[in-house]
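Quick notes on the structure that follows.
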Amino acid sequence: MTTLTIQRTWLKKYRYYPFSYFLKEKFPFKVHKISIHAGFTCPNRDGLVGTGGCTYCANESFSPNVGETIMPIKEQVEKGMRFLKRRYGAEKFIAYFQAFTNTYADIDTLKTRYEEALFDKDIIGLSIGTRPDCITDEVLNLINSYTEKYHVWIEYGLQSMHDRTLRLINRGHDYKAFKDAVLRTKDKENIKICAHVILGLPGEDWDDMMKTAQAVSSLGIDGIKLHHLYIAKNTAMANEYFKGNVKTMKVEEYVSLVCDFLERISPDIVIQRLVGDTHGNFLISPIWDVSKGEVFSAITEELRRRNSYQGARYIPRSTLPHT
Ligand code: SF4
């Protein structure tokens, strides 16, 4: 274990670096994210990259507003602002283009849709979820142009650094595509980068997942969203699950695995998500009898029990053996 001292308040309190804490440090007001479905599709579903999509993908199950008639973006933002102000006392907002692939359109369409969300003075940020194989330099330049006035993130779906896993789950891109997207985005300097990773994918053991932790961390990303593998209805993964080819984890196993993962990533990476979220009737497995808040507390408790914290086993890139 490295000798990183627990000096930062968030380490003492949470033992990892939560996004809420990052936002508190950065802004003098309460900031929340508003999820938007901007009407984009996905090249891994419409045939450009593949059909059928990622085997676990039921975008309808984790993105609000998907599956319904899509409300105009401005209305989605207004509705989100009203809700978050009332529920959490939020004051400012990050417009989060969440559903499907939010860079998958021509440049004029992208510009129009992004700017439709930026209509209100209380929108101070933009976060764009996409695939690493769907980010041209032209789109990067457009997104970078918003960094003058806004706090900007790009969220890249990766899930695993192992190409055999990416093939198995039909991601339609390899790890090289992710690395390339991250490096080109880092060239823009002011865009923050978040990676999405799933723990518990079929065919992966503990070592595989820890390699993903080390690999994404060494790329110098700014944030990470983790979630456990869950099986949603109407997915290819659900068929595999019912055949007995895929297993899901108990909450205790996941908590332990997340702690192992957190120990191996840089303490500077902001944790944007720690547990998966699926809406109501879509979930097949695992059914955990605990709230999200209880999972967060269990993770902090486990790290405390180990006398550990995010980054405790992180090996900085400069000290990795040259390969
Ligand atoms: S890239 Fe995203 S939206 Fe597209 S199939 Fe995969 S999970 Fe679904």
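Rule-based calculations on the coordinates, nothing more; no lab input. Keep in mind that what you see is a predicted model, and the values were worked out from it rather than measured. Every residue, glycine as well, gets a Cβ built from its backbone with ideal geometry; the counts of neighbours run over all protein chains shown.
List of remarks:
- Virtual paramagnetic centre 7 Å along Cα→Cβ of ASP268, amide N under 20 Å, in the range 132-170: 151-156
- For the chain, the residue among LEU110, MET237, SER297 whose Cα projects farthest onto the positive side of the dipole built from Cβ charges is SER297.
- For the chain, the longest site-free run once chymotrypsin sites (Phe, Trp or Tyr not before Pro) in DSSP loop states with at most 16 other Cβ atoms within 10 Å are removed: 120-323
- Pairs with C-alpha atoms separated by more than 32 Å, drawn from the list LYS186/LYS247; LYS24/LYS179; LYS188/LYS211; LYS211/LYS233; LYS12/LYS247; LYS13/LYS211, are LYS186/LYS247; LYS12/LYS247.
- A crude spin-label estimate for the pair ARG86 and ASN190, with each label 7 Å from Cα along the Cβ direction, gives 3.6 nm.
- The label point for PHE27 and the one for SER145, both projected 7 Å from the Cα toward the Cβ, are 2.3 nm apart.
- Normalised contact order of the chain, rounded percent, pairs of Cα under 8 Å and 6 or more residues apart: 19
- Here is the short version for the chain: CYS42, CYS134, CYS194, CYS259 have no other Cys C-beta closer than 4.7 Å.
- This model, with +1 at the C-beta of Lys and Arg and -1 at the C-beta of Asp and Glu, gives the chain a dipole about its Cα centre of some 920 debye.
- The Rg/Rh ratio for the range 9-314, using Cα coordinates for both the radius of gyration and the Kirkwood hydrodynamic radius, is 0.93.
- If R0 equals 22 Å, the separation of the Cβ atoms of GLU75 and ASP46 corresponds to a calculated FRET efficiency of about 0.30.
- The label point for GLU138 and the one for LYS179, both projected 7 Å from the Cα toward the Cβ, are 2.8 nm apart.
- Aspartates and glutamates whose Cα lies under 18 Å from that of LYS79, excluding same-chain neighbours fewer than 8 positions away: GLU68, GLU91, GLU115, GLU116, ASP120, ASP122
- Full-extension gain in nm, ILE107 to GLU301, via 0.36 nm per residue minus C-alpha separation: 65.2 nm
- Among the trypsin sites (Lys or Arg not before Pro) found in the range 219-282, those both in a DSSP coil and sparsely packed, with 16 or fewer other Cβ atoms within 10 Å of their Cβ, are LYS233, LYS243, LYS247, LYS250.
- The GluC sites (Glu not before Pro) of the range 110-218 meeting both criteria, a DSSP state outside H, G, I, E and B (loop) and at most 16 other C-beta atoms within 10 angstrom of the site's C-beta, are GLU189.
- Dipole of the range 9-314 computed with +1 at Lys/Arg Cβ and -1 at Asp/Glu Cβ about the Cα centre; of VAL139, GLN98, PRO28, farthest Cα towards the positive end is PRO28.
- Once the chain from TRP206 to ARG167 is taken as fully extended at 0.36 nm per residue, the excess over their C-alpha distance is 12.2 nm.
- Only helical runs count toward this figure. For the chain, summing -39,500 (n - 2.57) over DSSP H runs of n ≥ 4 and dividing by all residues gives -10500 deg cm²/dmol at 222 nm.
- The distance separating the Cα centre of the range 26-52 from that of the range 126-188 comes to 12 Å.
- Most positive-pole-ward Cα, GLY203, THR165, HIS151, against dipole of the range 130-204 from beta carbon charges: GLY203
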